[in-house]
Amino acid sequence: MPEPVGVRQAQAQRTRSGVLEAAAAAFVDQGVQAPVRDIAERAGVGVGTVYRHFPTRADLVTAVYRHQIDTCAALAPRLLDEAESPFTALTRWVDAFADFLVTKHGLGAALGSGDPGLENLHALMLDTLVPACATLLDACTAAGELRPGITAYTFMRAIGNLCITGPDYEQADAKRMVGVLLDGCRAAP
């Protein structure tokens, strides 16, 4: 007896989610050029299953980062509701954003690769994350916790530049420098 459509769809969604999680982990370890066979192995599926859900590498990269971008954007209003101050919410969001950035080995090269399937990824990041950051910055400015005139795009670019890691500049260094940036943006007491 065949499985009901709802059961098959639920299983397909679980498989897709598992592949996305495995790809995200592989991208952290090996960059966006991680072999598909490694991703499939991490997900416990065959290579064909990965390609069935994501026909091209660009489809897989975009899906992984779209999920992570959406998660980071959704964090902003939640933190504003939960944190004791807008600046605390901003600090926590910036920490999550910095974590997102420092684990994206090879994403910059992939974005500049000319692959038409990745062209929309940079715009997606800007269209989704800049408004989330702006909400936090506006709340901080309104509360008198942040210097006025800091724009979300410039602020995020500064964080992005501080999060470019290398042999003598690791994730801990990046996070420390982002903390210095945040401190420098605070309004004078």
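The table for this structure:
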| quantity | calculated |
| --- | --- |
| Number of the condition not met by Thr128 [criteria: (1) assigned to a loop (DSSP other than H, G, I, E, B); (2) touching a helix residue (DSSP H, G or I) at 6+ places or on another chain (Cβ under 8 Å); (3) not aliphatic (A, V, I, L, M)] | (1) |
| Breaking point among (1) open to solvent by 40 Å² or more (accessible area, probe 1.4 Å); (2) under 30 Å from Ala134 (Cα atoms); (3) not acidic (Asp, Glu), for Gln30 | (2) |
| Flag for Asp59 being closer than 30 Å to Ile164 by Cα, among the charged types (D, E, K, R) and at pLDDT below 95 | yes |
| In the stretch 140-157, the residues that are open to solvent by 30 Å² or more (accessible area, probe 1.4 Å) and part of a helix (DSSP H, G or I) | Thr141, Ala142, Tyr153, Thr154, Arg157 |
| Cβ-Cβ under 8 Å pairs, at least 6 apart or on other chains, the stretch 163-181 side among the hydroxyl-bearing types (Ser, Thr, Tyr), far side part of a helix (DSSP H, G or I) and open to solvent by 60 Å² or more (accessible area, probe 1.4 Å) | Thr165/Gln171 |
| Residues satisfying the stated conditions in the stretch 158-171, i.e. open to solvent by less than 60 Å² (accessible area, probe 1.4 Å) and hydrophobic (A, V, I, L, M, F, W, C) | Ala158, Ile159, Leu162, Cys163 |
| Test: Ala58 is within 21 Å of Ala10 (Cβ to Cβ), open to solvent by less than 10 Å² (accessible area, probe 1.4 Å) and touching a residue at least 40 places away in the same chain (Cβ under 8 Å) | no |
| Residue pairs meeting the criteria (Cβ under 7 Å; at least 6 apart or on separate chains; first in contact (Cβ under 8 Å) with a residue 40 or more places away in the chain, in the stretch 29-51; second not in a helix (DSSP H, G or I)) | Gly31/His105; Gly31/Gly106; Val32/Gly106; Gln33/Gly106 |
| The stretch 67-79 residues that are over 12 Å from Pro131 (Cα atoms), paired with ones that are modelled with pLDDT of 95 or more and open to solvent by 60 Å² or more (accessible area, probe 1.4 Å) (beta carbon under 7 Å, 6 or more apart) | Leu79/Arg92 |
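The values are calculated or read from the model by the stated rules, or taken from the named source; none is laboratory data. The structure presented is a predicted model; accordingly, all values stated were derived computationally and were not measured. No Cβ is skipped: glycine too gets one built from the backbone with ideal geometry, and neighbour counts run over all protein chains shown. With ligands, DNA and RNA removed, areas are computed over all heavy atoms of the protein, side chains included. Shrake-Rupley method; radii C 1.70, N 1.55, O 1.52, S 1.80 Å.
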